[in-house]
Amino acid sequence: MQTTSVSMQYSTEQLSDTLCRHIAQSRFENIPIASIAASKRVVLDATGVMLAASGLSPEITPFVNLARSGGTGPGTLLGFGDAVSAPMAAFANGAMAHALDFEDAFDPAPCHPNAATLPAAIAIAQACGPIAGTDFLCAIAVGCDLVCRMSLSLRQTMEESGWYPPPILGAFGATAAAARLLGLDPDQTRDALSLALCQATAPGEIKHSEGTVIRAVREAFPAQAAVLSALLARDGVQGFEEPLEGKDGFFRLFVDGHYDCRDLLENLGNRYHVERLSFKPWPACRGTHAYIELALQLAQEHRFNWRDIDSVTVISGSVQRMLLEPADRKRAPQTVIDAKFSIPFTLAVALVQGDVTLESFNEATPRDPDILALAGRVGFEVRPDWGRDKAAAGALSLRLRDGRELSASVEQALGHPDFPLTDELLLGKFIACCRHAARPIDPEAAAQMARQILTLETSPDCGSIFRM
């Protein structure tokens, strides 16, 4: 096991102890201003995405119904307004968090650090409040940062052992946020992470099974696990001494001990990776975004009709391979969530429809003959020298029937922190999402809600913002 010490402080205590002390002792006033601003963007974006999913994603219905069947409580089902228990609120809202594949992403890993974190944090804030907005933002920054650090520390991919990383990693960030909101001490926080380890799982079969929609609603499980873990730890359930670095702890179980603790510990408490998130302009897997952007760019620059395209060649790296293979399935996906994990299909949506929006995907989309026809003309080349740092990069070539060949490339797709969505665009995305909620929110009310979120540090009871 590779656990390189970065200072004498870290060489004299366990990794889990160091991280849990950091989580428990983090304070709003010690977090950089830029990290707090980024955390508010997280809350705004993720809330909007869950609200849109409440009205647009039929996959969430069983999760919402199950949450309702458990009786009333302090938690709110976003978009519906029902009052349910905290674990079930996290469960149902967690199902909404990734259902549209529109939430933020951390490109360097890649992962989705807040899809489970925000539903869990809202549930705790509503059940155990009033909780100040300052504490809420602190918890989001800490939880998001832990997911990113754990992702970056891996020196073997979790996929090699048959795991599907995003929900597994997300469970620990969500648990850290919940523990921080409950005011757990370092030992209780370690207990909470231990209990999360007992529940965090997601098999790679999620990627391979053609008809499943579990990939869409996967964050229900880590969000609920985080709430249960934190509440049980608060009430005295003792965990493991070393849930992360132990003999059969997280790193041994999921990556056979191949990790480097420098990525976990360097600048801990001084640098928060929440500042380096990408916010999505299009509701599809982040790995498709470079190709959506390039397709729209070429169509605008050269004014061709999609029917004039003879063939399309996608140039990608190994990370995007799962969005291209198996080729027949990716050209003709069976479910909406599978369509959003397909470069050929999302690229075809962009060219046929002229954009990729919340209205672009419904149960009929995978059967659209025009989109299928164009997706069938998409081939690809994989560049072995493109590593994980190219997760949001891409190159595209089009051959038109008149003989023209058009090409373009991008190093980082729109939404990356180097090419971020402006505050105006992010607010517009939020308002558009609110319009699609199960109980639609008009633009004026949505703008008011956005103002409350963007001034969360002034709120004495942040849970009230999410009660519909």
Within segment 266-278, can you find the residues that are outside any loop (DSSP other than H, G, I, E, B) and surrounded by 24 or more Cβ atoms within 10 Å (Cβ to Cβ)? V274, S278
Tell me the residue from E275, E245, E301 that is within 20 Å of the chain's Cα centre (by Cα) and of a type in the set (D, E, K, R), please. E275
In segment 339-375, what residues are part of a helix (DSSP H, G or I), crowded, with 23+ Cβ neighbours inside 10 Å and touching a Lys or Arg at 6+ places or on another chain (Cβ under 8 Å)? I343, P344, F345, T346, A375
Could you give every pair whose Cβ atoms fall below 8 Å, whose first residue belongs to segment 30-41 and is not assigned by TED's automatic domain parsing to the domain that holds A141, and whose second residue is surrounded by fewer than 21 Cβ atoms within 10 Å (Cβ to Cβ), counting only separations of at least 6 or pairs across chains? none
Per the list (1) in the same structural domain as H22 (by TED's automatic domain parsing); (2) more than 30 Å from G75 (Cβ to Cβ); (3) in a loop (DSSP other than H, G, I, E, B), residue check on P281 breaks on (1)
Filtering segment 33-53 down to residues that are over 17 Å from the mean Cα position of the chain (by Cα) and of a type in the set (G, A, S), which residue is surrounded by the fewest Cβ atoms within 10 Å (Cβ to Cβ)? A34
Any residue that is in the same structural domain as G246 (by TED's automatic domain parsing), assigned to a loop (DSSP other than H, G, I, E, B) and at pLDDT 95 or above - is there at least one of those in segment 8-21? no
Do we find a residue being within 26 Å of V319 (Cα to Cα), modelled with pLDDT of 95 or more, surrounded by 24 or more Cβ atoms within 10 Å (Cβ to Cβ) and touching a Pro at 6+ places or on another chain (Cβ under 8 Å) anywhere in segment 206-218? yes
If you go through E424, E444, the only one that is under 23 Å from V274 (Cα atoms) and either part of a strand (DSSP E or B) or over 19 Å from the mean Cα position of the chain (by Cα) (or both) is E424
Which numbered condition in (1) of a type outside the set (F, W, Y); (2) assigned to a helix (DSSP H, G or I); (3) closer than 26 Å to C433 by Cα is the only one that G79 fails? (2)
From the list V64, V42, V49, which one is farther than 20 Å from R451 by Cβ, in a helix (DSSP H, G or I), out of contact with any Pro (no Cβ under 7 Å at 6 or more places or on another chain) and not hydroxyl-bearing (S, T, Y)? V64
If you go through segment 136-144 one residue at a time, do you hit one that is aromatic (F, W, Y) and out of contact with any Cys (no Cβ under 6 Å at 6 or more places or on another chain)? no
Of the conditions (1) on the phi > 0 side of the Ramachandran plot; (2) at pLDDT below 95, the single one that G415 does not satisfy is (2)
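Only one residue in A364, A395, A391 is of a type outside the set (F, W, Y) and touching a strand residue (DSSP E or B) at 6+ places or on another chain (Cβ under 8 Å). Which one? I'd like the intermediate steps shown before the answer.
Numbers: A364 fails: touching a strand residue (DSSP E or B) at 6+ places or on another chain (Cβ under 8 Å); A391 fails: touching a strand residue (DSSP E or B) at 6+ places or on another chain (Cβ under 8 Å).
It is A395.
For every residue, the table says whether it meets (1) within 15 Å of R41 (Cβ to Cβ); (2) among the polar types (S, T, N, Q); (3) exposed (fewer than 15 other Cβ atoms within 10 Å of the Cβ); (4) outside the structural domain of V43 (by TED's automatic domain parsing).
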site	(1), (2), (3), (4)
R377	no, no, no, yes
R383	no, no, yes, yes
R388	no, no, no, yes
A393	no, no, no, yes
L406	no, no, no, yes
I431	yes, no, no, yes
Can you tell which of A123, A176, A127, A141 is small (G, A, S), in contact with a Gly (Cβ under 8 Å, 6 or more places away or on another chain) and closer than 25 Å to E275 by Cβ? A176
Taking segment 402-435 only, how many residues are closer than 26 Å to E325 by Cα and of a type outside the set (A, V, I, L, M)? 7
Regarding segment 82-91, can at least one residue be identified that is touching a residue at least 24 places away in the same chain (Cβ under 8 Å) and of a type in the set (D, E)? no
Here is a check on your reading of the model: is L414 in a loop (DSSP other than H, G, I, E, B), touching an Asp or Glu at 6+ places or on another chain (Cβ under 6 Å) and in contact (Cβ under 8 Å) with a residue 60 or more places away in the chain? yes
Are any of the residues in segment 188-208 hydrophobic (A, V, I, L, M, F, W, C) and under 15 Å from the mean Cα position of the chain (by Cα)? yes
Residue identified as in contact with a strand residue (DSSP E or B) (Cβ under 9 Å, 6 or more places away or on another chain), at pLDDT 95 or above and of a type in the set (F, W, Y) among F28, F106: F106
Given the criterion within 23 Å of D107 (Cα to Cα) and either hydrophobic (A, V, I, L, M, F, W, C) or out of contact with any helix residue (DSSP H, G or I) (no Cβ under 6 Å at 6 or more places or on another chain) (or both), identify the matching residue among T422, T458. T422
When you scan segment 290-303, how many residues do you find that are under 14 Å from A348 (Cβ atoms) and either modelled with pLDDT under 95 or of a type in the set (A, V, I, L, M, F, W, C) (or both)? 6
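The values are calculated or read from the model by the stated rules, or taken from the named source; none is laboratory data. All values reported here derive from a predicted model rather than from experimental measurement. All Cβ positions, even for glycine, are placed from backbone atoms using ideal geometry, and neighbour counts span all protein chains on display.
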